[in-house]
Amino acid sequence: MIQTIILEIRAGTGGDEAGLFAADLYRLYTRFAAKKGWKVSSLGPQVAEITGEGVADTLKHETGVHRVQRVPKTERAGRIHTSTATVAALPKVSPVEVAINPADLKIDSYRAGGHGGQNVQKVETAVRITHLPTGIVVSCQDERSQFKNKEKAMDVLRAKLYQLMQEQQAGSVSNLRRAQVGGAGRSEKIRTWNFPQDRVTDHRLGLKAGNLESILEGNLDLLLKKIKPKNN
């Protein structure tokens, strides 16, 4: 079955090293998606829409807090640091499924940085949307059109609100009591990436696998083939 998700990787505890680990995880999943023949569309920094056969069924196993243990390149004393990052595989939902009141939104435009050519640099095409009742903030700057960036940002916002509704068992956006998407402390740790021991441990099932560097290069099947049969 063709499925679509919104993948979001966020740095947790650990400062700069957490940010580097989050980038590593994003590269892992986008490379894995390419190997599977899935379509990947960037929605912003470490956020992407992924469409393909069985995407949601496969990546649902990745949602949660990932912990990394390694020696940062900037660490002169050779000490091992522990950092975290969160992975969310959110279902893409339609405006009918999650109705958002325009009055609840604060929309800002700004000049995007980085890639995109002169248009991105000189025109305010990037969009940031704040959902005032929950405090959720989403942004997108990957398109050259402000309208398209707004559409993509709204897709991410609907996905996050849908997840929040499921967590709180709320029937509508207006019934949400508090924002819970965010920190790496809100979910239990699902996996530890231990570089010194070249080992990945899945804490849900107590499974361990080697070839850590190879897995991070996009060969996630080395791990999933051990996890999926027992989780399904």
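By the scheme Lys and Arg +1, Asp and Glu -1, what is the net charge of all other residues having a beta-carbon under 10 Å from that of S94?
Summing Lys and Arg as +1 and Asp and Glu as -1 gives 0.
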Item checked: Stretchable slack from K225 to V71, in nm (0.36 nm times residue separation minus alpha-carbon distance) -> 52.6 nm
Item checked: the chain, Rg to Rh (Cα coordinates; Rh as Kirkwood inverse mean 1/r) -> 0.98
Next item on the list: Run the dipole for the chain about the Cα centre, Lys and Arg Cβ at +1, Asp and Glu Cβ at -1, nothing else charged, and hand back the magnitude in debye, nearest 20.
Entry: 360
Next item on the list: Determine which aspartates and glutamates satisfy two conditions relative to K225: a Cα distance under 19 Å, and not lying fewer than 8 residues away in the same chain.
Entry: E53, D57, E62, D198, D202, E213, E217
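Take each of the peptides 60-73, 148-161, average the number of other beta-carbon atoms within 10 Å over its residues, and list them starting from the highest. Mind showing how you got there, number by number?
Numbers: 60-73: 18.6, 148-161: 21.8.
By packing density, highest mean first, the sequence is 148-161, 60-73.
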Next item on the list: Note down the relative contact order for the chain as a percent, whole number, built from C-alpha pairs under 8 angstrom at least six residues apart.
Entry: 22
Notebook entry, point to check: If the label point is 7 Å along Cα→Cβ of Q168, which residues in segment 120-159 have backbone nitrogen under 13 Å from it?
Noted result: 131-136
Check: Taking the Cα atoms only, what angle lies between the long axis of helix 146-168 and the longest principal axis of the chain, rounded to 10 degrees?
Finding: 60
Next item on the list: May I ask you to list the residues of segment 1-25 whose amide nitrogen lies under 14 Å from a point 7 Å from Cα along the Cα→beta-carbon direction of K189?
Entry: 12-14
Check: Across 10 Å bins from 0, what is the distribution of all Cα-Cα pair distances for segment 47-104, in whole percents?
Finding: 17, 28, 26, 18, 10, 2
Checklist line | Helix-derived mean residue ellipticity, 222 nm - over the chain, DSSP H n ≥ 4, -39500 (n - 2.57), to 500 | finding: -9500 deg cm²/dmol
Next item on the list: Using a Förster distance of 22 angstrom, determine the FRET efficiency expected from the C-beta separation of S109 and T13, and round it to 0.05.
Entry: 0.10
Margin query: From the alpha carbon gyration tensor of segment 102-175, can you work out the equivalent ellipsoid semi-axes (sqrt of 5 times each eigenvalue) and give them in Å, largest to smallest?
Written below: 28, 11, 8
Checklist line | For segment 131-142, Karplus couplings with θ = phi - 60° (6.51, -1.76, 1.60), whole Hz, Gly/Pro x | finding: 8, 4, x, 10, x, 5, 10, 10, 8, 8, 9, 7
Margin query: I'm checking a number: the convex hull volume of the Cα atoms of segment 1-134, normalised per residue, in Å³. What is it?
Written below: 158
Check: Counting Lys +1, Arg +1, Asp -1, Glu -1, what net charge surrounds D142 among other residues with beta carbon under 15 Å of its beta carbon?
Finding: +1
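Laboratory data are not the source of any read-out in this text; all were calculated from the coordinates shown. All of these numbers come straight from a predicted model, not from anything done at the bench. Virtual Cβ from ideal backbone geometry, glycine too; neighbours counted across all protein chains shown.
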